[in-house]
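One structure, pasted below without further comment.
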Amino acid sequence: MIDDVAKESLHGDLREIREVMLWKLEGLGEYDIRRPLTRTGTNLLGLVKHLALWEARYLGEVFDRPFPEPLPRWDDLGQRGADMWATEHETREEIVGRYRRVWEHSDATIAALAIDSPGHVPWWPRPHVMLFDILVHLLTETSRHAGHADILREQLDGSTGTGTDNSTQQRDEAFWETRHDQIERAAKAAARPDHGRRP
């Protein structure tokens, strides 16, 4: 049945991208996984913390299957943004462990429900949803943050990709310098005032 195929395909992709998120932390020290690498404070461990919280909500309370650990209320304005960074008292092990427990809970929800099972997302303008909608949303959201994590990790040590097997870190520094210079030359040429004008 196409519904089962769709559910397993979305679920499989979600499982894969979750692992990518955790791979982005591997081999880095405490400072590097926590440090703000953008003006708005985006950081690797904060992305994992954020994904754990929201997946727990979406595949928990949305389907009346609450995650068994305490979560801040979604409508608590005082907590807004606190899920995007780790305090000095929160350990990597706690955050990663919570994310893995969320996976177990989410996977049980996905296994128990049909793809068209109804749910309710009170913070969405159209709150009535199906499991299909939530799987697509979570896959999109997790992939988006994996892209953020890819850029952050590249800034830290040059590693990109989805795991050690296909990391671009295997290329040498000379390759990346040449590629960078080639792109820089093209950008400067395109920005010249006379670029694109015909004689």
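The values are calculated or read from the model by the stated rules, or taken from the named source; none is laboratory data. On a predicted model such as this, the values are computed, not experimentally measured, just so you know. Note that we place each Cβ from the backbone using ideal geometry, even for glycine, and neighbour counts take in every protein chain shown. Heads up: the accessible areas ignore ligands, DNA and RNA and are worked out on the full protein's heavy atoms, side chains in. Shrake-Rupley method; radii C 1.70, N 1.55, O 1.52, S 1.80 Å.
At 0.36 nm per residue, minus the direct Cα-Cα distance, what do Glu88 and Glu154 gain on full extension? Give it in nm, one decimal, please.
That pair, Glu88 and Glu154, stretches by 21.4 nm at full extension.
Rounding to the nearest 10 and keeping the result within 0 to 90°, find how far the Cα-based axis of helix 92-112 lies from the longest principal axis of the chain.
Taking Cα atoms only, the helix is inclined about 60 degrees.
Now a separate question. May I ask you to list the lysines whose Cα is less than 22 Å away from that of Lys24, ignoring any residue fewer than eight positions away on the same chain?
Qualifying lysines at Cα under 22 Å: Lys49.
Hey, got a sec? Which trypsin sites (Lys or Arg not before Pro) in the range 52-92 land in a DSSP loop and have at most 14 other Cβ atoms within 10 Å?
Answer in residue order: Arg73, Arg80.
Using a 1.4 Å probe on the protein chains only, how many percent of the accessible area of the range 78-129 belongs to carbon and sulfur?
Carbon and sulfur: 57 percent of the exposed surface of the range 78-129.
Does the chain come out rounded, prolate or oblate, given a ≥ b ≥ c as the square roots of the eigenvalues of its C-alpha gyration tensor, rounded meaning a/c under 1.5 and, failing that, prolate meaning a/b above b/c?
The shape class here is prolate.
For a quick check, take a GNM of the chain with Cα springs below 10 Å and name the residue from His50, His11, His180 with the largest mean-square fluctuation.
Ranking His50, His11, His180 by mean-square fluctuation puts His180 first.
So what's the net charge close to Glu177: Lys and Arg +1, Asp and Glu -1, counting the other residues with Cβ under 11 Å from its Cβ?
Cβ neighbours under 11 Å give a net charge of -2.
Within 15 Å, Cβ to Cβ, of Arg65, how many net charges do the neighbouring residues add up to if Lys/Arg are +1 and Asp/Glu are -1?
-4
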